[in-house]
1. Of the conditions (1) surrounded by fewer than 16 Cβ atoms within 10 Å (Cβ to Cβ); (2) under 23 Å from Ala19 (Cβ atoms), Met83 clears all except one; give me its number.
2. Can you tell me which residue among Glu93, Glu151 is out of contact with any His (no Cβ under 9 Å at 6 or more places or on another chain) and more than 13 Å from Leu167 (Cβ to Cβ)?
3. When both residues are 6+ apart or on different chains and their Cβ atoms are under 7 Å apart, which pairs have a first residue that lies in segment 12-41 and is free of Cβ contacts under 8 Å to residues at least 24 places away in the same chain and farther than 28 Å from His143 by Cα, and a second that is in a helix (DSSP H, G or I) and among the basic types (Lys, Arg)?
4. Take Val47 and decide whether it is surrounded by 15 or more Cβ atoms within 10 Å (Cβ to Cβ), in contact with a helix residue (DSSP H, G or I) (Cβ under 7 Å, 6 or more places away or on another chain) and modelled with pLDDT of 95 or more.
5. If you scan segment 127-161, which residues turn out to be of a type in the set (D, E, K, R), exposed (fewer than 15 other Cβ atoms within 10 Å of the Cβ) and over 22 Å from Gly96 (Cβ atoms)?
6. Which count do you get for residues in segment 162-189 that are among the polar types (S, T, N, Q) and surrounded by 24 or more Cβ atoms within 10 Å (Cβ to Cβ)?
7. Taking into account only those residues within segment 100-118 that are among the β-branched types (Val, Ile, Thr) and open to solvent by less than 50 Å² (accessible area, probe 1.4 Å), which is farthest from Tyr145 (Cα to Cα)?
8. Give me a count of the residues in segment 1-11 that are in contact (Cβ under 8 Å) with a residue 40 or more places away in the chain, within 21 Å of Cys77 (Cα to Cα) and open to solvent by 40 Å² or more (accessible area, probe 1.4 Å).
Amino acid sequence: MSVVIIDYNAGNIYSVVHALRRLGINPVVTADKETILSADKIIFPGVGESKTTMDHLRSKNLDQLLIGVKQPLLGICLGMQLMCKFSEEGGTECLGIFDVPVMKFRPEKHADKIPHMGWNTLMNLKSDLYKGLAENESVYFVHSYYVPLTEYTIAETSYIQNFSASLQKDNFYATQFHPEKSGKIGEVILKNFLEL
């Protein structure tokens, strides 16, 4: 199976590479359009800032390429946010695969720290991405922006309010959390993605 990780000026790509290698997959990290289009699976991970990253994607014409892919694609963290329509981070127009906004967390009490960082439980699991997992398994989050609950939500979690931990539309899947940093549970999610 050929798995491509999009190389696009975002951090944290190599922890995804290592997680896939533990599953016996040797992914290719690339921005080459032909390689991306011929892959069996595409992973769009990232840690970074929305506007700078979208500018980079547009400068390489990767934005249009990603919108049009037909094979399963998994966006992780910033990758998920960039798959949405608009982000409050930098007032950024994003890819628009999911017709939903990305909002900034607004603390309601002193204990609400931003970024939201650490382990949180998943609820209302609704996709083959979560095959074999029970409700309330814990995964690892690090983010200051979130996607509200929407028709595309396939898992939710709660911090300040309930929000989308994961989205799906057609062949596009996304997680706000980091499966590559979520131990055995994250490994199951990545394996499920590879088996879609």
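The values are calculated or read from the model by the stated rules, or taken from the named source; none is laboratory data. Note that this is a predicted model, so its numbers are computed, not measured. For neighbour counting, all protein chains shown are included, and Cβ atoms are generated from backbone atoms with ideal geometry for every residue, glycine included. The protein model used for the area step is the full one, side chains on, heavy atoms only, and it has no ligands, DNA or RNA in it. Shrake-Rupley method; radii C 1.70, N 1.55, O 1.52, S 1.80 Å.
1. Just one mismatch for Met83, condition (1).
2. Glu93
3. From segment 12-41, no pairs qualify.
4. No, not satisfied.
5. The answer is Asp128, Lys131, Glu135.
6. So the count comes out to 4.
7. Among those that are among the β-branched types (Val, Ile, Thr) and open to solvent by less than 50 Å² (accessible area, probe 1.4 Å), it is Val100.
8. Here the count works out to 1.
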